[in-house]
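Beneath this line is the structure, given in structure tokens, with notes to follow.
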Amino acid sequence: MKVTVAKRILKDNDMIADKNREIFRDAGLLAVNFISSPGSGKTTLLEKTIAELLPEQKTTVVVGDLQTTRDADRLVPNALDVAQINTGMSCHLYANQVADSLLGLNISEADYVFIENVGNMVCPGEFDLGENVKVVLLSIPEGDDKVAKYPTIFRAADLVLLTKVDLLGILDFDLERVTNDIKKLNSNLEILHISSVKGQGMNEWVSWLKAKRQQNVGAKAKFITE
Ligand SMILES: Nc1nc2c(ncn2[C@@H]2O[C@H](COP(=O)(O)OP(=O)(O)OP(=O)(O)O)[C@@H](O)[C@H]2O)c(=O)[nH]1
Ligand SMILES: [Mg+2]
């Protein structure tokens with residue numbers, strides 16, 4: 001019985017996620033789902049990234065947290081629009097929560113929708129939100145054993161950002177071990193080294209985003225002419 005219920009929830013979620021994907025495609029933007037443990041630097045990276053993309057490219061944000069609007073408040077200054085979803089007890093966002101948020105957001109002028117998922121390394125990986133890409137963050141203070149311990153999300157990722165690399169050399173972290181563990185799970189997965197506070201890796205990261213968006217808008221044009 002429990003298995004049936006769980007499967008139905010996932011199926012319903014997937015149907016709504018597909019609708020979200022259509023909305024993103026019609027708006028000609030790139031939707032990015034940011035997934036990581038609490039505190040690995042998602043909001044800090046979003047603050048810097050949104051500012052870096054301006055003035056040419058604009059971003060709308062959907063943020064998930066159990067409680068508070070603290071992350072949304074931090075992102076308001078440079079984002080086109082921000083929606084905060086408080087999930088209460090839930091450790092991840094559902095596609096219907098994103099769908100509801102989109103109704104109140106200005107996405108027609110946006111080039112990107114950034115979805116900051118609830119801080120959690122496991123649950124968000126199970127739930128498609130309709131995003132075009134999943135970006136997984138792993139920060140240096142979390143430790144170099146985490147990829148092997150929580151492999152699922154690294155298998156599903158389109159990009160891994162190793163964050164807080166300014167702390168390499170200060171904290172004990174075996175970069176080679178983490179890189180090998182990621183490559184064992186997904187040999188083609190790209191890994192970028194980022195320090196949001198020092199600016200390291202930001203150019204590569206922003207270039208990756210712009211290239212992905214370009215591919216996505218190209219896909220939209222192809223879809224329309226078919
Ligand atoms: N040293 C260092 N600290 C960072 C960096 N990026 C973020 N931090 C710090 O890490 C802490 C958590 O950052 P957030 O951006 O709030 O992390 P988050 O992933 O959004 O956290 P949740 O939303 O709670 O899951 C803050 O104290 C940041 O200042 C970085 O590149 N280097
Ligand atoms: Mg945050």
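The values are calculated or read from the model by the stated rules, or taken from the named source; none is laboratory data. Computed from a prediction, not measured in an experiment: that's the story for all the values here. Heads up, the Cβs are rebuilt from the backbone with ideal geometry, glycines too, and the neighbour counts pull from every protein chain shown.
Wholly within the range 132-222, which helices (runs of 4 or more DSSP H) include no fewer than the required count, namely at least 1 residues that are within 16 Å of ligand 1 (Cβ to nearest atom) and either in contact with a Ser or Thr (Cβ under 7 Å, 6 or more places away or on another chain) or over 16 Å from PHE34 (Cβ atoms) (or both)?
146-149, 175-185
Of the residues ALA27, ALA51, which single one is within 16 Å of ligand 1 (Cβ to nearest atom), more than 15 Å from the chain's Cα centre (by Cα), surrounded by fewer than 22 Cβ atoms within 10 Å (Cβ to Cβ) and not basic (Lys, Arg)?
Residue meeting the stated conditions: ALA51.
Inside the range 87-115, can you point out the residues that are small (Gly, Ala, Ser) and either free of Cβ contacts under 8 Å to residues at least 60 places away in the same chain or closer than 23 Å to LYS210 by Cβ (or both)?
Correct list: GLY88, SER90, SER101, GLY104, SER108, ALA110.
What is the number of the single condition among (1) modelled with pLDDT of 95 or more; (2) more than 16 Å from ligand 2 (Cβ to nearest atom); (3) assigned to a loop (DSSP other than H, G, I, E, B); (4) not hydrophobic (A, V, I, L, M, F, W, C) that SER108 does not meet?
Of the numbered conditions (1) modelled with pLDDT of 95 or more; (2) more than 16 Å from ligand 2 (Cβ to nearest atom); (3) assigned to a loop (DSSP other than H, G, I, E, B); (4) not hydrophobic (A, V, I, L, M, F, W, C), the odd one out for SER108 is (1).
Which numbered condition trips up GLU126, out of (1) at pLDDT below 95; (2) over 23 Å from LEU185 (Cα atoms)?
(2)
Going by the conditions given, is GLU22 in a helix (DSSP H, G or I) and either surrounded by 14 or more Cβ atoms within 10 Å (Cβ to Cβ) or at pLDDT below 95 (or both)?
No, not satisfied.
Could you list all residues from the range 69-105 that are part of a helix (DSSP H, G or I) and among the aliphatic types (A, V, I, L, M)?
Correct list: ALA72, LEU75, ALA95, VAL98, ALA99, LEU102, LEU103.
Considering only the range 65-86, I want to know if a residue exists there that is within 15 Å of ligand 1 (Cβ to nearest atom), buried (at least 17 other Cβ atoms within 10 Å of the Cβ) and under 12 Å from the mean Cα position of the chain (by Cα).
The answer is no, given that none of the residues of the range 65-86 is within 15 Å of ligand 1 (Cβ to nearest atom), buried (at least 17 other Cβ atoms within 10 Å of the Cβ) and under 12 Å from the mean Cα position of the chain (by Cα).
Could you check the range 148-171 and list, in sequence order, the residues that are touching a residue at least 24 places away in the same chain (Cβ under 8 Å) and out of contact with any strand residue (DSSP E or B) (no Cβ under 7 Å at 6 or more places or on another chain)?
ALA148, TYR150, PRO151, THR152, ARG155, LEU167, LEU168, LEU171 - these are the residues of the range 148-171 that are touching a residue at least 24 places away in the same chain (Cβ under 8 Å) and out of contact with any strand residue (DSSP E or B) (no Cβ under 7 Å at 6 or more places or on another chain).
Report every pair of residues separated by at least 6 positions or lying on different chains whose Cβ atoms are under 8 Å apart, first residue within the range 197-219 and more than 17 Å from VAL135 (Cα to Cα), second acidic (Asp, Glu) and assigned to a helix (DSSP H, G or I).
Close Cβ pairs (under 8 Å, with a partner that is acidic (Asp, Glu) and assigned to a helix (DSSP H, G or I)) amount to VAL197/ASP166; LYS198/ASP166; GLN200/ASP166.
What is the one condition in (1) within 16 Å of the chain's Cα centre (by Cα); (2) surrounded by 18 or more Cβ atoms within 10 Å (Cβ to Cβ) that PHE173 does not satisfy?
Just one mismatch for PHE173, condition (1).
Counting only residues that are more than 11 Å from ligand 2 (Cβ to nearest atom) and assigned to a helix (DSSP H, G or I), how many does the range 37-68 have?
Final tally of qualifying residues: 6.
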